[in-house]
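To start, the structure under review is shown below, and the notes come after it.
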Ligand SMILES: Cc1ncc(C[n+]2csc(CCOP(=O)(O)OP(=O)(O)O)c2C)c(N)n1
Ligand SMILES: [Mg+2]
C-alpha cells in the first residue's frame, strides 16, 4: 500500500475524474465537445487504483471509456480537456478526441475504438518487455463485453503461453452497450476464464480502491518477476449509461440506485476509509474536493480558450 500523500492524491484523482465527467457532459451539451462521449462515473476506483500501481514507463492500453485511466496515469488535465475539445493544445494536437488520448511520457498508449483491440497491442508490448529482459509491465483495460471477443481469447492464450509481462484488467460494469451481463456472458465471473489459459484469475469489488490496489500490486509483481499475466476482474457499475448518445431505458432506476448508495459509491467509500484510518480529516476531504473541482474548472477554461489546429497540420501524423 502507499504512503498517506499518495493515498490523498488517489482520492483527488478519483474526484477529478468524476467532476471531469460532469464538466465534459455539460460542454458536450453546449457543442464544445463533439461525438459520443463514454463516461465512467461510478468506475473511478478501477482506473485510478490500478494505474497507481504502475510507473511512468509501464504501458497502459485503454478502452473507449478511458478518462479514469488517463487521470490515473497522471496525464495533464489541461491537455486532456483541450484534446477532448479538438484543440491544438491537446495531447494529440486535437486529432484524438476524448477517446484516443495518448502520452508516451506517461506510458499511456491510448484508448481504442475497437472493442478489445488494444489488448492485442498490450500483449505485444508485454512480449517485447519479456524478450528485452525488462521488468516493465503492460496493463490493458477492457470491458465485460470485450471479454467475449475473439481477441480476448487469442491474447490470453499467447500471453499465458509466453508468460508475457502483462496485467489484463477487466472493468466489469454489468453492461456491454445496452445488453446486461447475464444476457451476454456465459459465466458469472469472467475471472473463471483464466483457468482455460492456466493463469491466475481473480474477481474483486471494483468499487473498493483498496481491493483494486491489492489485486493489481500482486499481478504487477508477478509480471515483473517474469512469471506471466494475471486476469483481474473488477465488478463495478456504469452509472451514466453507454455514452452521451445513449437514450437509456434499459438500466432500471432501482438498479442504478442500488449502485450509488454511500456504501457502494467508490468515492464516498474511499473518503470514509481515509477518515477511519486517520489519513484525512473531514475538512481535508472537503479541501481535496474543492481542489479537484477547481482543477477541472481551470482545465475546461484552458480548453475553451485554446485555438483549433491550423488546417496545415491536417495530413501530419497520417499513414497512407
Ligand atoms: C470490435 C468491435 N465490435 C463492436 C463495437 C461496438 N461497440 C462499441 S462499445 C461496445 C460495448 C463494449 O462493452 P464493454 O466491453 O462491456 O465496455 P463498456 O462500454 O461497458 O465500458 C460495442 C459493442 C466496436 N466498437 N468494436
Ligand atoms: Mg461493460
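Can you confirm whether the stretch 246-261 contains a residue that is more than 16 Å from ligand 2 (Cβ to nearest atom), surrounded by fewer than 17 Cβ atoms within 10 Å (Cβ to Cβ), within 16 Å of residue 174 (Cα to Cα) and under 20 Å from the mean Cα position of the chain (by Cα)?
Keep residues of the stretch 246-261 that are more than 16 Å from ligand 2 (Cβ to nearest atom), which gives 247, 249, 252-254, 257-258, 260-261.
Narrowing the set further to residues that are surrounded by fewer than 17 Cβ atoms within 10 Å (Cβ to Cβ) leaves 247, 249, 252-254, 257-258, 260-261.
The next check asks that each one be within 16 Å of residue 174 (Cα to Cα); those that pass are 249, 252-254, 257-258, 260.
Keeping just the survivors that are under 20 Å from the mean Cα position of the chain (by Cα) gives 260.
Checking the stretch 246-261: at least one residue is more than 16 Å from ligand 2 (Cβ to nearest atom), surrounded by fewer than 17 Cβ atoms within 10 Å (Cβ to Cβ), within 16 Å of residue 174 (Cα to Cα) and under 20 Å from the mean Cα position of the chain (by Cα).
Let's see how each residue does on (1) away from ligand 1 (no atom under 16 Å from the Cβ); (2) in a helix (DSSP H, G or I); (3) over 18 Å from residue 98 (Cα atoms):
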residue	(1), (2), (3)
1	yes, no, yes
7	yes, yes, yes
12	yes, yes, yes
16	yes, yes, no
33	yes, no, no
47	no, yes, no
50	no, yes, yes
57	yes, no, yes
63	no, no, no
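Sub-7 Å Cβ pairs linking a first residue in the stretch 134-145 that is free of Cβ contacts under 8 Å to residues at least 40 places away in the same chain to a second residue that is assigned to a loop (DSSP other than H, G, I, E, B) and within 16 Å of ligand 1 (Cβ to nearest atom), at least 6 apart or interchain, are 145/115; 145/177, ordered by first then second residue. The lone criterion from (1) assigned to a helix (DSSP H, G or I); (2) touching a strand residue (DSSP E or B) at 6+ places or on another chain (Cβ under 8 Å) left unmet by residue 251 is number (1). Scanning the stretch 188-207 for any residue that is within 16 Å of ligand 1 (Cβ to nearest atom), without any contact (Cβ under 8 Å) to a residue 12 or more places away in the chain, surrounded by fewer than 16 Cβ atoms within 10 Å (Cβ to Cβ) and outside any helix (DSSP H, G or I) turns up at least one such residue.
Quick note: the coordinates plus some simple rules give every number you see, no bench work behind them. Nothing here was measured: the structure is a model prediction, and the numbers come from that model. As a convention, Cβ positions derive from the backbone with ideal geometry for all residues, glycine included, and neighbour counts pool all protein chains shown.
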